[in-house]
Amino acid sequence: MELATKYDPTVVEDKWYKYWTDHRMFHSEPDNRPAYTIVIPPPNVTGVLHMGHMLNNTIQDVLIRRARMTGFNAVWVPGTDHASIATEAKVVNMLKEKGIDKKDLTRDEFLKYAWEWKEKHGGIILKQLRKLGASCDWDRTKFTMDADLSEAVIDIFVDLYNKGKIYRGVRMVNWDPKALTAVSDEEVVYKELQSKLYYVRYQIEGEPGEYITIATTRPETILGDTAICMHPDDERYAKYKGKRAIVPLVNRSIPLIYDEYVEREFGTGALKITPAHDINDYNLGIKHHLETINIFNDNGTLSESAQFLVGMDRFEARKAIIPLLEEAGSMVKIEDYVNKVGFSERTNEVIEPKLSLQWFCKMGELAKPALDAVMNNDIKFYPDKFKNTYAHWMENVKDWCISRQLWWGHRIPAFYLPNHEFVVAHNVDEAFNIAQQKYPELNLTKEDLKQDEDVMDTWFSSWLWPLSVFDGIRNPENPEIKYYYPTSALITAPDIIFFWVARMIMAGLEWRGTIPFKDVYFTGTVRDKLHRKMSKSLGNSPDPIMLMEKYGADGVRFGMLLSSPAGNDLLFDESLCEQGRNFSNKMWNAFRLVMGWDVDANGEQPIHTKVAVEWMNQRINEVLADAEEDFKRYRLSEALMALYKLVWDDFCSCFLEVVKPPYQKPMDGKTYNDILDIFEKLTKVLHPFMPFITEELWHALRERQEGESLMLCEMPKPENVNRELLDRFAVTRNVIEQIRRVRSEKNIANKNALKLHVHADAAMANAEMDAVIAKLANVELVEYVGEQGEVNGASFIEQNVKYSIPLEGLINAEEEIKKLQADLKYAEGFLQGVLKKLSNERFVNNAPQNVVDIERKKQADAEEKIRIIKEQLSKLQ
RNA sequence: GGGAGCUUAGCUCAGUUGGUUUAGAGCAUCUGCCUUACAAGCAGAGGGUCACUAGUUCGAAUCUAGUAGUUCCCACCA
């Protein structure tokens, strides 16, 4: 068979993904094995795959595949999130393009469009994940608005309400005037903006010519001012105590109040108070019993109560009010100023603090046990520095605004009665019964009950995810939740530690009494080479699908993982994928080499081959043991690097070169079989990282039955490592390297065989190792000439044994002397350092015995080495 | 304003409780090779006062304090 010199992943990857899914190999059912569970952080149903998903899901797949191969019943539950704000915004836009305004639709009509749109465009991302090789149990795919998951959300709302942990109240919330909904504190991002600070003067009532000047960044809110506040100890303003001021333009009389909240140094030390439009002003308003005037409509335009500029957008109004204030003689000056402004994470609209009636969830009691679970390491964070962040937030947790003024989501199960009371119930029937019992005098009919128009925050369903995907809320005794929960690991980004991670922990403890996962692995942010966050607007994010087409999914997985230790940002560079692709190609070519050999079943196994096979197996053992340790600590990049070197340096560059039969000669059957065993082992250990090419090779190496798969094989276990053999082989490789260096320096082509003199007693000879040297360095004769044997050529010292390569005529004595002198200088310097330590009495007395012994050994070795070099020098000079 | 982390080779990072040859890896670089698996390759080489300063110690990349730079989180003073 003729195989291409380059590995082509495209056909191979589709073939094996189909094979795996056709045989339902990702599917899991509870059985007697221990469970290993991961629930996917559900991406937005309307989302498309970006580099962050690639990293996150590659890690999950590696963990799941490894668990599957190490005796666990592994399940990876996929699914999507309904993402209220983002999805509703997309649907609204889609309708707008069709000429339909959301305002003209009923709730049901809108939801019909939304569902249609979700069915059509939703879940693309899950299809894209298949391309990556994600071994999700697709039969278990969930959506946060599936009937069963929705029911769980309602159950939880009712339960919390009945426990007194959900309440309704007027609060200052972060209003998104574009999405027309409140958003939680966590959904507000602050950015620094270049803006202006306006100084405006207010006349003191009854004192013509007397003014107080305030400084503000939002002059349009002057129209809603209901007080001016100064510091009680500020002497500049003491004389105005008890007086009132006149708001410019609207000519409203407002009180002057005094509160320590005011910074005397800022601006003029006088602060205008607009309780309806600033959280701090609101708090002062409550404290000082101030009037509240809301001058904005929900969409951010000025309302009738503003009296001026009615109907104008808030930013237009900010400009338009300047000339009005100037005309009125109230504008004192305008300065440049940098301040921070809150933006809605979803719509990038400037947040408007707004008073409104919202639903809140009390967090205090929920947070306490969830904080403990992380602090006492029931749940482990990787890296653990995030414990700090977590603790700080949990200790200062504020109540959670859970209502959103949207239609797409879980509707709040509160039903209002004609008497303005409400009942919370699972459905209208239950609500009706409760209401009838509570208010028999109302003679209610079901039609009198009006359900709350709002939906819940998306995270109010996400926080149940590990429970609800196994139906653990509605049906807590079902075998699935008992088997798969708590999940094993959560792989997520640190920016949703509060939104999601913290709340899942609360939910798990509240409704199941146990933590939802044991380990949390925080991935870093994917950035470009210039350390910039990857974003659509910068256009610096490569298209993952294109990348996979170019380098293969295995190549991209390799690239993502190789440079992303837990929690560290990933500076993504296509060259990493290139390295991954090259690695695939390397394995492919190793396979081509092995396939090309003729086998003589009766052939004798050469001694260098025998020892190489033993050594290679030991190396695999050693790396397996290290990898196990790396996995325990979630150091995936280190595990992968170790395997990369194992395959490339040990297997390809060394092992295969040793066992390679002479040109056009067959290989003995024993060796061939050993090689296949080793190759197969390597496909196993690499499979979690690079599932496609390893599956392809595993099938190609030996006959397989339909339905067999590498992904279902058992991972080789590290056995006892033969340290002695590994060390001996390492020395052998060093000797080979030295010979090759001599070749390189003397320009001796590899095809010209060399002789090697070992300046030691023949009794020290190791025929196997010498045969390996002979093979890899093209040495025709290894001769033990005794310690005093003549040197006539290039020499080197390895482990205090001198080696020389006879090279009549090719040796420049001066060069040799120079090199030896350099070696000597190094050895002497080294010895000096050691002697300095050993001559220090305090070191010898205080350091542990083994450390002192090591230093003595170093001394002896160095002295021996110096002796050999000097001897050699004396012969040359 | 408060807190946390980071700073080791050109780049990205390892370096476990201070001691295992005067610090390791991958990539990049340089040199020589189209050697019959692979030039997406082979062989070899160079490259670091471990940010700076002071301290603790027989001994510091590792511990302590300070300085500088950098990243992130929290708060949101108009």
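Can you find a residue in region A:123-136 that is assigned to a strand (DSSP E or B) and either among the charged types (D, E, K, R) or closer than 22 Å to A:Val45 by Cβ (or both)? For region A:123-136, residues assigned to a strand (DSSP E or B) and either among the charged types (D, E, K, R) or closer than 22 Å to A:Val45 by Cβ (or both): absent.
Show me the strands (runs of 3 or more DSSP E) entirely contained within region A:266-378 in which 3 or more residues are open to solvent by 20 Å² or more (accessible area, probe 1.4 Å) and within 16 Å of RNA strand B (Cβ to nearest atom).
Numbers: elements: A:270-273, A:331-344, A:352-361.
Per the criteria, A:331-344, A:352-361.
For A:Pro255, the conditions (1) within 44 Å of the chain's Cα centre (by Cα); (2) under 26 Å from A:Val170 (Cβ atoms) all hold with the exception of (1). Is it the case that A:Asn475 is open to solvent by 10 Å² or more (accessible area, probe 1.4 Å), out of contact with any helix residue (DSSP H, G or I) (no Cβ under 8 Å at 6 or more places or on another chain) and not in a helix (DSSP H, G or I)? It is false that A:Asn475 is open to solvent by 10 Å² or more (accessible area, probe 1.4 Å), out of contact with any helix residue (DSSP H, G or I) (no Cβ under 8 Å at 6 or more places or on another chain) and not in a helix (DSSP H, G or I). For the residues A:Glu706, A:Glu787, A:Glu783, A:Glu768, the requirement of being charged (D, E, K, R), within 37 Å of the chain's Cα centre (by Cα) and either surrounded by 20 or more Cβ atoms within 10 Å (Cβ to Cβ) or away from RNA strand B (no atom under 15 Å from the Cβ) (or both) singles out A:Glu706. Reported count of residues in region A:493-520, each being of a type outside the set (A, V, I, L, M, F, W, C), surrounded by 22 or more Cβ atoms within 10 Å (Cβ to Cβ) and within 16 Å of RNA strand B (Cβ to nearest atom), is 1.
Of the residues making up region A:95-109, not a single one is touching a residue at least 12 places away in the same chain (Cβ under 8 Å), crowded, with 21+ Cβ neighbours inside 10 Å and more than 30 Å from A:Trp511 (Cβ to Cβ). How many of the residues making up region A:249-265 are open to solvent by 40 Å² or more (accessible area, probe 1.4 Å), near RNA strand B (Cβ under 9 Å from one of its atoms) and touching a residue at least 24 places away in the same chain (Cβ under 8 Å)? Going through region A:249-265 one residue at a time, the tally reaches 3. Here A:Asn396 clears all of (1) away from RNA strand B (no atom under 16 Å from the Cβ); (2) under 30 Å from A:Gly567 (Cβ atoms) except the condition numbered (1).
So in region A:34-60, with the set limited to residues that are among the polar types (S, T, N, Q) and buried (at least 24 other Cβ atoms within 10 Å of the Cβ), which one is nearest to A:His82 (Cα to Cα)? Spell out the reasoning first.
The first filter runs over region A:34-60 and keeps only residues among the polar types (S, T, N, Q), leaving A:37, A:44, A:46, A:56-58, A:60.
When the remaining residues are screened for being buried (at least 24 other Cβ atoms within 10 Å of the Cβ), the result is A:37, A:57-58, A:60.
Working: A:Thr37: 23, A:Asn57: 19, A:Thr58: 23, A:Gln60: 22 Å.
Out of the qualifying residues, it is A:Asn57.
For the structure I just gave you, tell me whether A:Arg527 is free of Cβ contacts under 8 Å to residues at least 60 places away in the same chain, within 16 Å of the chain's Cα centre (by Cα) and open to solvent by 10 Å² or more (accessible area, probe 1.4 Å). So A:Arg527 fits the description; yes.
Look at region A:549-560: where a residue is in contact (Cβ under 8 Å) with a residue 60 or more places away in the chain and more than 9 Å from RNA strand B (Cβ to nearest atom) and a partner is open to solvent by less than 10 Å² (accessible area, probe 1.4 Å) and acidic (Asp, Glu), sitting 6+ places away or on another chain with Cβ atoms under 6 Å, you get A:Ala553/A:Glu13.
For region A:203-226, what are the residues that are buried (at least 24 other Cβ atoms within 10 Å of the Cβ) and not in a helix (DSSP H, G or I)? Even if it seems obvious, please write down each step before you answer.
First, pick out the residues of region A:203-226 that are buried (at least 24 other Cβ atoms within 10 Å of the Cβ): A:214, A:219-225.
Matches in region A:203-226: A:Ile214, A:Asp225.
Hey, among the residues in region A:379-395 that are touching a strand residue (DSSP E or B) at 6+ places or on another chain (Cβ under 6 Å) and of a type in the set (Phe, Trp, Tyr), which one's surrounded by the fewest Cβ atoms within 10 Å (Cβ to Cβ)? Step by step, filter region A:379-395, then rank; the result is A:Phe386. Each residue in region A:628-647 was checked for being open to solvent by less than 70 Å² (accessible area, probe 1.4 Å) and within 13 Å of RNA strand B (Cβ to nearest atom), and 12 of them qualify.
Of all residues in region A:592-616, those satisfying the criterion of being open to solvent by less than 40 Å² (accessible area, probe 1.4 Å), out of contact with any Phe, Trp or Tyr (no Cβ under 7 Å at 6 or more places or on another chain) and assigned to a helix (DSSP H, G or I) are A:His608, A:Thr609, A:Val611, A:Val613. Screening A:Leu756 on (1) over 25 Å from A:Thr70 (Cβ atoms); (2) of a type in the set (A, V, I, L, M, F, W, C); (3) touching a residue at least 60 places away in the same chain (Cβ under 8 Å) shows it passes everything except condition (3).
Looking at A:Arg244, is it away from RNA strand B (no atom under 13 Å from the Cβ), out of contact with any Phe, Trp or Tyr (no Cβ under 7 Å at 6 or more places or on another chain) and not polar (S, T, N, Q)? Walk me through how you get there before you give the answer.
Values: away from RNA strand B (no atom under 13 Å from the Cβ): yes; out of contact with any Phe, Trp or Tyr (no Cβ under 7 Å at 6 or more places or on another chain): yes; not polar (S, T, N, Q): yes.
Answer is yes for this residue.
Report whether or not A:Glu629 is part of a helix (DSSP H, G or I), free of Cβ contacts under 8 Å to residues at least 12 places away in the same chain and charged (D, E, K, R). Write out each step before concluding.
On the way: part of a helix (DSSP H, G or I): yes; free of Cβ contacts under 8 Å to residues at least 12 places away in the same chain: yes; charged (D, E, K, R): yes.
So A:Glu629 passes the test.
Each row is one residue, and each column tells you yes or no for (1) in contact with a Phe, Trp or Tyr (Cβ under 8 Å, 6 or more places away or on another chain); (2) among the aliphatic types (A, V, I, L, M).
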position	(1), (2)
A:Lys533	no, no
A:Gly539	no, no
A:Met548	no, yes
A:Gly555	yes, no
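Restricting attention to region A:424-459, the residues being free of Cβ contacts under 8 Å to residues at least 24 places away in the same chain, more than 18 Å from A:Ala152 (Cα to Cα) and crowded, with 17+ Cβ neighbours inside 10 Å number 2. Among the residues making up region A:536-564, those that are outside any helix (DSSP H, G or I) and surrounded by 16 or more Cβ atoms within 10 Å (Cβ to Cβ) are A:Asn540, A:Ser541, A:Pro542, A:Ser563, A:Ser564. For the structure I just gave you, tell me whether A:Lys660 is of a type outside the set (Val, Ile, Thr), touching a residue at least 24 places away in the same chain (Cβ under 8 Å) and more than 12 Å from RNA strand B (Cβ to nearest atom). Criteria not met by A:Lys660. Taking residues in region A:364-392 that are under 16 Å from A:Leu490 (Cα atoms), and partners anywhere that are among the acidic types (Asp, Glu), the pairs with Cβ atoms closer than 7 Å and at least 6 places apart or on different chains are A:Lys380/A:Asp519; A:Tyr382/A:Asp519.
For residues in region A:173-201 being within 15 Å of A:Gly267 (Cα to Cα) and not polar (S, T, N, Q), which is surrounded by the fewest Cβ atoms within 10 Å (Cβ to Cβ)? Working first, answer last.
Quick first cut of region A:173-201, residues within 15 Å of A:Gly267 (Cα to Cα) only: A:195-201.
Still in the list and also not polar (S, T, N, Q): A:196-201.
Details: A:Lys196: 14, A:Leu197: 17, A:Tyr198: 25, A:Tyr199: 18, A:Val200: 26, A:Arg201: 20.
By that ranking, first place goes to A:Lys196.
Table: residues versus (1) open to solvent by less than 10 Å² (accessible area, probe 1.4 Å); (2) within 11 Å of RNA strand B (Cβ to nearest atom); (3) not hydrophobic (A, V, I, L, M, F, W, C).
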site: A:Leu710; (1), (2), (3): yes, no, no
site: A:Arg728; (1), (2), (3): no, no, yes
site: A:Ile736; (1), (2), (3): yes, yes, no
site: A:Ile739; (1), (2), (3): yes, yes, no
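Among the criteria (1) within 11 Å of RNA strand B (Cβ to nearest atom); (2) touching a residue at least 24 places away in the same chain (Cβ under 8 Å); (3) not basic (Lys, Arg), the one A:Ile545 does not fulfil is (1).
The values are calculated or read from the model by the stated rules, or taken from the named source; none is laboratory data. A quick note: this is a predicted structure, and the numbers were derived from the prediction, not measured. Neighbour counts are summed over all protein chains in view; Cβ atoms, including those assigned to glycine, are modelled from backbone coordinates with ideal geometry. Heavy atoms of the whole protein, side chains included, go into the accessibility calculation; ligands, DNA and RNA do not. Shrake-Rupley method; radii C 1.70, N 1.55, O 1.52, S 1.80 Å.
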